[in-house]
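First the structure, in the form of structure tokens, and then the observations on it.
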Amino acid sequence: MRLRVLFIHYHLRPGGVTRVILDQIKAIKEFADTAIIIGEEPQVRVNCPYRVVSPISYDRDRRDNLKPTEIAELIIKEAQSIWSGGPDIIHVHNPTLGKNKDFLEVLFLLEEKNRSLLLQIHDFAEDGRPGGYSSHPYPHDVHYAVINSRDYGILLKSGLQEDGLHYLPNAIHPLPISDNIKRDLYLYPVRAIRRKNVGEAILLSLFIKEGCHVGITLEPTSRIDTVCYKNWIHFSRERELRVKYALGLSNKFEDIVSRALLFITTSVKEGFGFSFLEPWTAMRMVSGRLIPDVCSDFIEKNIILDFFYNSIKIPLEMIDVSSFENIWIDCYKNILAAYGIKCSDVEAREALSDLYVEDTLDYSYLNEELQMEVIENLQKNKKKLEKFLDLNPFFKKNSDFNNGYTGDVFDEVVKHNREVVLKEYSIEKYSRRLRDIYENVLNYRVSQSINKKKLLDAFLKPENQYLLLCEKSAGLNSSFA
């Protein structure tokens, strides 16, 4: 007997969660019939029935005054218009993110009607998104799924049980590639939002192979990201840095991929970590900043990630330390206050002290202005450059990074990693994981709940608070976001 699986999400706009939902529909088509309920008309092609229930869209887009009971009844009615007996499983994406003030209550009501719910979390409101956080409890006695082991471990410590919590890493699709194109890019294929730490990719341009450029593919769309991005463009031109911007606007993606001598990633915050996996499928090395909590999953699967750094040590003499500390403390207190947590200046300064290592600070903790200050120092002062390279030999001339990781040894690594990625993250393996999880959801009733205080504590550690996640550090009045 085929399963009936109903997916629920706020929208189907182009982006990460939409990509995952479409992959799941494809992955389970051999054993399940699928449908989707969303809050607005889809902006991508959907290969299954869908219904629009506008009260589950983002609050900013809502025009209704329906109560949660009415919304839940509307969802059930629309689902029954597809299957008279309703769905076997309701698979909900990002339910805890607080984009809709009634959504959690709606899920409680659906669960009360004995529906088998699977709540898949991609992003946490507790992880620097105070605008989406509320004191409302999360649904209990339902199954949860997460995309990485870090989140799995955090939720176990926050009260969930192994029987009711499922590890569901995303599927990976091979990147397109063309032949016979000159490889002259250290490619960073991202939309240049602040958390992608674009300034670090620009720093790397000082240490890349002659004749190459750092290439960034897409422009940001939000106001603050756009302001910071344009500042980097101006700075790069002024300092004559080898950086190309917005490559995706005028080039085919497969041609850009093909031009990559090396992929790079400098992001300070990721959910799943596509950037650590996808380049191998195009027979390309990838290097840059490691995110240990995310990459531990990949290393455990025998993907070789020995070509990354954990930090870029900046001597404190290269930056305005007083300015950094004042901004960081302000941002730290603001983010805690946004979650209803009081923090004194003394407590904030004590938290800040943990970021320093032997009179150095990791470059990723700096905001754009301070990052620019470092780059100027390295360009203008030979002694400071020498000290930087002594602290960070990863970037020295003729290092593997400088040479783009070329040679037979690295060719073998690429071949090995490509095989592992295509095997471990295939759509076929994704299908088997989903089938197993759905069987658990149907066959095992769980009694569990999330302790929101423990969950919040796990994400609000000082080492997770980067100025790049703080709007105030870019000159706008807000907290880490």
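Which order, highest average first, do 204-211, 125-132 follow once you tally other Cβ atoms within 10 Å for each residue and take the mean per peptide?
Result, highest mean first: 125-132, 204-211.
Suppose every K and R has +1 on its Cβ and every D and E has -1 on its Cβ; what is the size of the dipole of the stretch 326-441 about the Cα centre, in Debye to the nearest 20?
280 debye
Are there cysteines in the chain with no second cysteine's Cβ under 4.7 Å away, and if so, which?
CYS48, CYS212, CYS228, CYS295, CYS343
Distance check, please: which entries in LYS269/LYS384; LYS342/LYS461; LYS101/LYS196; LYS29/LYS252 exceed 19 angstrom between their Cα atoms?
Flagged as over cut-off: LYS269/LYS384; LYS101/LYS196; LYS29/LYS252.
Check which residues have an amide H placed less than 5 Å from ASP362's amide H, if you skip close sequence neighbours.
When sequence neighbours closer than 5 places are left aside, the close amide H contacts are ILE314.
Whole-Hz ³J(HN,Hα) for each residue in the stretch 404-417, computed from phi via Karplus 6.51 cos²θ - 1.76 cosθ + 1.60 with θ = phi - 60°, x for glycine and proline: what do you get?
Values per residue, Gly and Pro as x: x, 6, 9, x, 4, 4, 6, 4, 5, 4, 4, 4, 4, 5 Hz.
What is the calculated FRET efficiency for LYS252 to ARG19, with r their C-beta to C-beta distance and R₀ = 25 Å, to the nearest 0.05?
The calculated FRET efficiency here is 0.80.
What residues have an amide H closer than 5 Å to that of VAL53, excluding those fewer than 5 places away on the same chain, when H is modeled at 1.01 Å from N in the peptide plane?
It is ILE38, GLY39, GLU40, by chain and number.
Around ALA145, which amide H atoms from residues at least 5 apart in sequence, or from another chain, sit under 5 Å from its own amide H, with H modelled in the peptide plane?
Long-range HN contacts for ALA145: LEU119, GLN120, ILE121, HIS166.
Among the DSSP beta bridges whose two residues both lie in the chain, what percent are antiparallel, rounded to the nearest 5?
Antiparallel bridges make up about 10 percent of those DSSP assigns within the chain.
Working from Cα positions, state the angle (0 to 90°, nearest 10) between the long axis of helix 382-391 and the longest principal axis of the chain.
It is inclined by approximately 50 degrees.
About the Cα centre, and with charges only on the beta carbon of Lys, Arg (+1) and Asp, Glu (-1), how big is the dipole of the chain? Nearest 20 debye, please.
Once rounded to the nearest 20, the dipole reads 940 debye.
If you count the DSSP beta bridges with both ends in the stretch 256-373, what percent of them are antiparallel, to the nearest 5?
Restricted to the stretch 256-373, the bridges split so that about 45 percent are antiparallel.
Find out how many positive minus negative residues lie around GLU471, taking Lys and Arg as positive, Asp and Glu as negative, among other residues whose Cβ is under 13 Å from that of GLU471.
Its environment carries a net charge of +2.
Given a Förster radius of 25 Å and the C-beta distance between SER447 and SER84 as r, what FRET efficiency does 1/(1 + (r/R0)^6) yield to the nearest 0.05?
It comes out at approximately 0.20.
Where a ≥ b ≥ c are the square roots of the eigenvalues of the C-alpha gyration tensor, would you call the stretch 193-276 rounded, which needs a/c under 1.5, or, failing that, prolate if a/b is larger than b/c, or oblate?
It comes out rounded by the Cα gyration axes.
How large is ³J(HN,Hα) for each residue in the stretch 236-251, as worked out from phi by the Karplus curve 6.51 cos²θ - 1.76 cosθ + 1.60 (θ = phi - 60°), to whole Hz, x for Gly and Pro?
My calculation for the stretch 236-251 gives 4, 5, 5, 8, 6, 8, 8, 9, 10, 10, 6, 4, x, 7, 10, 9 Hz in order.
Based on the mean of other Cβ atoms within 10 Å per residue, sort peptides 104-112, 175-183, 414-422 so the most packed one is first.
Listed from highest to lowest mean packing, they are 104-112, 414-422, 175-183.
Using alpha-carbon pairs under 8 Å, 6+ residues apart, how would you state the relative contact order of the chain in percent?
Once divided by the residue count of the chain, the mean separation gives 18 percent.
What is the helix-to-structure angle for 368-380, meaning the angle in degrees between its Cα long axis and the longest Cα principal axis of the chain, kept from 0 to 90 and rounded to the nearest 10?
30 degrees
Could you give me the ³J(HN,Hα) list for the stretch 392-397, computed from phi with Karplus coefficients 6.51, -1.76, 1.60 and θ = phi - 60°, whole Hz, x at Gly and Pro?
Taking θ as phi minus 60°, the curve returns 10, x, 3, 9, 5, 4 Hz for the stretch 392-397.
For ILE299 and LEU385 in one chain, what is 0.36 nm times their gap in residues minus the Cα-Cα distance, to one decimal in nm?
Working it through step by step, the gained length comes to 27.7 nm.
Net charge near ARG45, counting Lys/Arg +1 and Asp/Glu -1 over other residues with Cβ under 14 Å of its Cβ?
Residues near ARG45 contribute +1 overall.
Which of the peptides 313-323, 143-153 is most tightly packed, and how do the rest follow, judged by the mean count of other Cβ atoms within 10 Å per residue?
143-153, 313-323
Where a number appears in this text, it was derived from the coordinates with a stated rule and is not lab data. Predicted model only: the values in this text are computed from it and were never measured. Counting neighbours? That spans all protein chains shown, and the Cβs are built from the backbone with ideal geometry, glycine included.
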